[in-house]
Amino acid sequence: MEFLIITGMSGAGKSVALDFFEDMGSFCIDNLPPAFINKFVDLCLHSELKKIAIVIDIRGGKFFNDLFGELSILEKKGINYEILFLEASDETLIRRYKETRRKHPLDEEGRILDAILKERTMLEEIRGRANKIIDTSKMTSRDLFNELKKIYSIHQMDKNTMSVSIISFGYKYGIPMDADMVFDVRFLPNPHYVNSLKDLTGENEAVQEYIMKWPLTEKFLKKFFDFIEFLLPEYRKEGKSHLMIAIGCTGGKHRSVTIAIKLKEFLLEKGYRVIVEHKDIHRKAAGYQ
C-alpha cells in the first residue's frame, strides 16, 4: 500500500495536490483528524485500496497534536508512509488570503500574518520529517500540478529507485527554496568572458567544451560525482524517494547549466530517474553570468 500524508501551510496548495493524487488514482481524504489515521489504515489493509493520500493540517485543531503518536504507531506496524509538505512565503500566503477573502484557520483577531507565523511554528517538526518539500510561492495551481506530475509520475515508475531533480540557477536571481542540496560552481572558468560564447548557454556544445577542458573542472566533477553517488543511497535509506539538487553560478546561463547536464548524464548511467530544469537560462540581464 502506498500511503502519502499531505500537509503544510494553509494556502500553500494542499487542495491542488489532493486533486492531483486523486487524478493519479489514489483514494483521497481531506482534513482527516490525526487520531483516525491508524483506524483508517486498518480499514485500508482489509480493502482493495492500494494508493492512499490524505491531507492533515492545523484545521484539525487540538487533534493535530496526536499526529506524531499516530505516526509512531504506523512505524511499529511496519506501515511505510511518505510526507509531502507544501509551503510558501509569508507575503504570498497573505496575498492569497486577501485575494480569496478566506479566513486563516488560526486567525482569531483579523491578523493574517500573526496566524501564519503561529502556523509555521506549529508545523516545524512535521516539516523536518517530510520526504519532499515544495515551495509554491512562485507557482500557479497549474505549475504545482505539473511539478507534482514531474516528481510523482517518475516516482511511480519504480518504487525502489530514487528520482532526482536537478535545477540550475543564477545566484543573482535567488536560490531555489525547495532544494535539498545546493552547490556553487562560480569558481569554474567563466564562458561569459569569451566573446564567442557569451551569448550562448550551457546547452551549447561549445560552451560545454570550454568549461570541461580545464583540469579544475575535471577534478571537481570527479569529487562531485563521488560525493553524490555516496549520498543518494543514504538518503534513500532515510526514506527519501525524491531529491532536488540545485547547482548555481552567477547568472544561471553557462556553468551551472553545463554541470547540471553532466550530473544528469552521470546519474542516468547509475540507473536513477532524473529530470533537469534550467531555471534562469533564458533571463536577459546585464552583468556576470
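The values are calculated or read from the model by the stated rules, or taken from the named source; none is laboratory data. Just so it is clear, the structure is predicted and the values come from calculations on it, not from any experiment. Neighbour counts are summed over all protein chains in view; Cβ atoms, including those assigned to glycine, are modelled from backbone coordinates with ideal geometry.
So the values come out like this:
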quantity	calculated
Residue pairs meeting the criteria (Cβ under 9 Å; at least 6 apart or on separate chains; first under 14 Å from residue 64 (Cβ atoms), in the stretch 105-133; second surrounded by 19 or more Cβ atoms within 10 Å (Cβ to Cβ) and small (Gly, Ala, Ser))	105/10; 105/115; 106/10; 106/115; 119/10; 123/8; 126/8; 127/8
Checklist (1) within 30 Å of residue 103 (Cα to Cα); (2) in contact (Cβ under 8 Å) with a residue 24 or more places away in the chain applied to residue 150, failing item	(1)
Residue under evaluation residue 99, criteria (1) touching a Pro at 6+ places or on another chain (Cβ under 9 Å); (2) at pLDDT below 90, criterion not met	(1)
Total residues in the stretch 229-267, condition in contact (Cβ under 8 Å) with a residue 24 or more places away in the chain and in a loop (DSSP other than H, G, I, E, B)	8
Selection within the stretch 160-203 - under 18 Å from residue 280 (Cα atoms), in contact with a strand residue (DSSP E or B) (Cβ under 6 Å, 6 or more places away or on another chain), surrounded by 17 or more Cβ atoms within 10 Å (Cβ to Cβ) and not small (Gly, Ala, Ser)	166, 167, 169, 171, 176, 178, 183, 185
Residue identified as at pLDDT 85 or above, more than 25 Å from the chain's Cα centre (by Cα) and among the aliphatic types (A, V, I, L, M) among 134, 73, 94	73
Conditions (1) touching a Pro at 6+ places or on another chain (Cβ under 7 Å); (2) over 20 Å from residue 11 (Cβ atoms); number of the one not met by residue 59	(2)
Residues of the stretch 109-136 satisfying the condition of being within 30 Å of residue 232 (Cβ to Cβ), in a helix (DSSP H, G or I) and among the acidic types (Asp, Glu)	124, 125
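A quick yes/no check of all residues on (1) within 30 Å of residue 128 (Cα to Cα); (2) modelled with pLDDT under 95:
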site: 194; (1), (2): no, yes
site: 207; (1), (2): no, no
site: 218; (1), (2): no, no
site: 226; (1), (2): yes, no
site: 237; (1), (2): yes, yes
site: 242; (1), (2): yes, yes
site: 261; (1), (2): yes, no
site: 264; (1), (2): yes, yes
site: 275; (1), (2): yes, yes
